[in-house]
1. In whole percent, how big is the carbon plus sulfur part of the accessible area of the chain, probe 1.4 Å, protein atoms only?
2. As an exercise, take the mean of 1/r over every pair of distinct alpha carbons in the stretch 193-258, invert it, and state the Kirkwood radius in angstroms.
3. Equivalent ellipsoid semi-axes for the chain, as square roots of 5 times the alpha carbon gyration tensor eigenvalues: give them largest first, rounded to whole Å.
4. With just the Cα atoms of the stretch 252-381, tell me how far they stretch along each of the three principal axes, in Å, largest first.
5. With Kirkwood's inverse mean 1/r over C-alpha pairs for Rh, give me the Rg to Rh ratio of the stretch 60-131, two decimals please.
6. Give me a comma-separated list of calculated 3J(HN,Hα) values for the stretch 301-317, in order, Karplus coefficients 6.51, -1.76, 1.60 applied at θ = phi - 60°, integers in Hz, x for any Gly or Pro.
7. Once amide H atoms are built 1.01 Å from N in the peptide plane, which residues 5 or more positions from residue 122, or in another chain, come under 5 Å H to H?
8. Using alpha carbons only, what's the Rg to Rh ratio of the stretch 172-221 with Rh from Kirkwood?
Amino acid sequence: MSAFTRRSFIGTAAAAVGSFAALQKVAGANHPSDPGPANQPLDGQNADSIWPPSTDSKSLVQNFKYPFSFANKRVYDGGWSREVTVRELPVSKSLAGVNMRLTAGGVRELHWHTSAEWAIMLYGTARITAIDADGKSFVADVKKNDLWFFPSGVPHSIQGLNPDGCEFMLVFDDGNFSESETVLLSDAMAHLPIEVLAKNFTVGEKAFANLPRQELFIFQTDVPGGLEADQKTAAGALGKSPRDFAFRTMEMPPTKRTKSGDVRIVDSRNFKVTTTAMALVTVRPGGLRELHWHPNADEWQFYISGKGRMTVVATGNKARTMDFQEGDVGYVEKTLLHYIENTGDADLVFLEMFKSDLFQEFSFSEWLAHTPAELVMAHLKIDKATYDAIPKTGGVVMPL
């Protein structure tokens, strides 16, 4: 029985009987039983770990999944944040993710990072502010699926707008990054002598009598007014920045579209300021993000909606399959072969993120289709008709 047919049979049988025990019984029909204690909700979400496909190796690839559900929330009056770093997912050495929610009026206080900040809006609307290296101001409003990018050292802020604030995903180009290691306006001011502040800002010392005694990080204040007014106020004598730190993802057509889904690729070729590349992928039910690998960078993934599974084939004759659903982080090390299959009945939508200014990949099918036919046929023991059927230009999302 094929893996796909087996999975469909397992799901149908389990639903019909209506219990996790039925899933164990059906899935484990050709395996020893598992009668001991179990975390049934987690086991039900990770069928390919409970009973791995026979193609997985017994010498496992390092864990490449971590759910944001396991991440601690830091909660404030104006919102919350949680993060997944190399601390939670040791394989994730090049990138880290922070999930943040701001209420209407909630502010991620003025700050900057030692790492570059890439972001995608997941919900609602927000106002972002920054200055460029010439001191010129940038103020913009962003909505669902819009991006922003602030290079290392660029000071900025984020504020939720009406009617219900916002939620977004931040990706930083250092797996060891932590939101708690940020240079904050409130924290910086609290650690400077009052006489120095007075001299620097050319005011009396009494002006700073009410400075916050601890970091704000996220705090609640009034919802800002109109965008144009904020842009005019911020511009001042130096004017507006010519750099656009925001990108309107859904205003661009898909980079590649097939009957099984589409992908939008955003990197420095169309988003000039970014040094982090992205692919926003949608896979329809029954579809497959084709077998491929990336030669230039590790891949950090965030699953936005739907259900899927991924097999990673590593060096040393190793492979591992894991299941994913919305809110999960996945990670694939540079050059390792993998695919992502939609195993649900709704669209699977996820991010692919890279610590690189350019998106690059090799298609498994394209490689074989452009290698001499006789050589491929001798390797795989296939006939010419099968070789000729291999897609010649890759598909990104299969079937075409």
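The values are calculated or read from the model by the stated rules, or taken from the named source; none is laboratory data. All figures in this text were calculated on a predicted structure; none of them were measured in a lab. We place every Cβ from the backbone using ideal geometry, glycine too, and count neighbours over all the protein chains shown. With ligands, DNA and RNA removed, areas are computed over all heavy atoms of the protein, side chains included. Shrake-Rupley method; radii C 1.70, N 1.55, O 1.52, S 1.80 Å.
1. Here it works out to 56 percent.
2. Taking the inverse mean of 1/r over all distinct Cα pairs, the stretch 193-258 comes out at 17.1 Å.
3. Semi-axis lengths for the chain are 45, 25, 18 Å.
4. 44, 35, 31
5. Here Rg/Rh amounts to 1.00.
6. Residue by residue, the stretch 301-317 yields 10, 9, 8, 8, 7, x, 10, x, 9, 9, 10, 10, 9, 10, 5, x, 6 Hz.
7. Amide H to amide H, under 5 Å and 5 or more residues apart or across chains, residue 122 pairs with 145, 167, 168, 169.
8. Taking Rg over the Kirkwood Rh, I get 1.10.
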